[in-house]
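Below is one structure, written out as structure tokens, with a few remarks after it.
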């Protein structure tokens, strides 16, 4: 029973880390990456469709993304979707769409750093909530006399160690992202 709680908690904490990685992808670092356009939705025959499903996204150079629609008729719809996606991008449209990434100013870098810190803090809060729920489940088992006090204390310590490990990983990812943001 305790092992199931630990395993479930570890899986949920791992998902929090994965969500943080996904959130960090959206934080621009000044280099072109197709992942920046991952969440852009384009109206395609009446349905909002992810950009990757209707176009090929490639890195043309360090600061330019190249979007090649599979259908030429979709160029205008993709251009409009990129402009309205609130990414601060200004695509150049021809037969293909070039998306130049503006150079990050010091102020923009600081803003991106704040966003990254906020995302990291959200991940930490999520991990701590998972810890709190797991410890509550273990205390409930002890209250129902399914486990002893020693087992409850040991399991709580194990969950705390697991939480510390995941929080340290969040801090490590944040430090790497901040270093990446401040690199000119």
Requested in this report: Could you please let me know if residue 79 is out of contact with any helix residue (DSSP H, G or I) (no Cβ under 7 Å at 6 or more places or on another chain), at pLDDT 85 or above and assigned by TED's automatic domain parsing to the domain that holds residue 49?
Outcome: yes
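To keep it simple, each residue is scored yes or no on (1) within 30 Å of residue 179 (Cα to Cα); (2) part of a helix (DSSP H, G or I); (3) without any contact (Cβ under 8 Å) to a residue 60 or more places away in the chain.
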| residue | (1), (2), (3) |
| --- | --- |
| 20 | yes, yes, no |
| 28 | yes, no, no |
| 57 | yes, no, yes |
| 65 | yes, no, yes |
| 68 | no, no, yes |
| 73 | no, yes, yes |
| 78 | no, yes, yes |
**Report entry** Filtered residues of the range 110-133 (kept if over 15 Å from residue 166 (Cα atoms) and either within 15 Å of the chain's Cα centre (by Cα) or surrounded by 19 or more Cβ atoms within 10 Å (Cβ to Cβ) (or both))
**Finding:** 112, 113, 114, 115, 116, 117, 118
Query raised in the report: All but one of (1) part of a helix (DSSP H, G or I); (2) over 30 Å from residue 102 (Cα atoms) hold for residue 176; which doesn't?
Result: (2)
Query - The listed residue being over 23 Å from residue 11 (Cα atoms) and outside the structural domain of residue 43 (by TED's automatic domain parsing), out of 74, 112 - result: 112
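Just to be sure, is residue 69 in contact with a helix residue (DSSP H, G or I) (Cβ under 6 Å, 6 or more places away or on another chain), at pLDDT 90 or above and either farther than 29 Å from residue 118 by Cα or not assigned by TED's automatic domain parsing to the domain that holds residue 129 (or both)?
Values: in contact with a helix residue (DSSP H, G or I) (Cβ under 6 Å, 6 or more places away or on another chain): yes; at pLDDT 90 or above: yes; either farther than 29 Å from residue 118 by Cα or not assigned by TED's automatic domain parsing to the domain that holds residue 129 (or both): yes.
Yes; evaluated as a whole, the condition is true for this residue.
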Query raised in the report: Could you list, in sequence order, the residues of the range 44-55 that are assigned to a strand (DSSP E or B) and surrounded by 15 or more Cβ atoms within 10 Å (Cβ to Cβ)?
Result: 44, 49, 55
Requested in this report: Select from the range 31-43 the residues that are touching a helix residue (DSSP H, G or I) at 6+ places or on another chain (Cβ under 8 Å) and either buried (at least 18 other Cβ atoms within 10 Å of the Cβ) or assigned to a loop (DSSP other than H, G, I, E, B) (or both) and list them in ascending order.
Outcome: 33, 36, 37, 38, 39, 40, 42
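The values are calculated or read from the model by the stated rules, or taken from the named source; none is laboratory data. These numbers were taken from a predicted model, which means no experiment stands behind them. Using ideal geometry, Cβ is built from the backbone for each residue, glycine included, and neighbour counts are taken over all protein chains shown.
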